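A short worksheet on the structure shown next.
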Amino acid sequence: MKKNDSFSYDVRRTEPIVIVITPVNFGDSMFSVRANRDGERFDPEPGSENAPRYEFTVSKPANDIHTVILEFTFIQGSPDAAVYEVVISGQNDQGCPCGFRIRKTTGNKEPAIEFFVVA
């Protein structure tokens, strides 16, 4: 996987992709993350409730795109310091660390991540 920017990556067919979301500084407050991949609901891996982990294998042909849309919610009363830390990894990562942070003050809490299939 090659990082183009925090929300855009070049990937290869059959490459495994992992997205891990760690809620930080939420204290006793609840957190909520939802995901969609290529227009379909994308559930986290079982047992990853405290730090949702999403995995998929690149299956589209070259010159196509996998799109993952994440939706982050800050429940009323969550601490101002609460943040979602998102780490994205593939094989032979270039230009990483890869990922981003979503804070309460972040304007877009539903970012789209694009994985461009180059081979």
Hey, GLY27 hits all of (1) modelled with pLDDT of 95 or more; (2) farther than 19 Å from GLN94 by Cα; (3) not polar (S, T, N, Q) but one; which does it fall short on?
(1)
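Here's a check for you: in region 8-37, which residue that is among the hydrophobic types (A, V, I, L, M, F, W, C) and under 13 Å from LYS60 (Cβ atoms) is surrounded by the fewest Cβ atoms within 10 Å (Cβ to Cβ)?
Only one residue fits best here, namely ILE17.
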Matching residues, region 58-79, being modelled with pLDDT of 95 or more and surrounded by fewer than 12 Cβ atoms within 10 Å (Cβ to Cβ):
PRO61, ALA62, ASN63
Filter region 2-54 down to the residues that are hydrophobic (A, V, I, L, M, F, W, C) and in contact with a Ser or Thr (Cβ under 7 Å, 6 or more places away or on another chain), then identify the one that is farthest from PHE72 (Cα to Cα).
VAL18
Residues of region 70-100 classified as closer than 21 Å to LYS2 by Cβ and part of a strand (DSSP E or B), total
8
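If I ask for residues that are touching a residue at least 60 places away in the same chain (Cβ under 8 Å) and out of contact with any Gly (no Cβ under 8 Å at 6 or more places or on another chain), which ones from region 84-97 would you list?
Those that are touching a residue at least 60 places away in the same chain (Cβ under 8 Å) and out of contact with any Gly (no Cβ under 8 Å at 6 or more places or on another chain): TYR84, SER89, GLY90, GLN91, ASN92, ASP93, GLN94, GLY95, CYS96.
The values are calculated or read from the model by the stated rules, or taken from the named source; none is laboratory data. Keep in mind that what you see is a predicted model, and the values were worked out from it rather than measured. Glycine also receives a Cβ, built like all others from the backbone with ideal geometry; neighbour counts cover every protein chain displayed.
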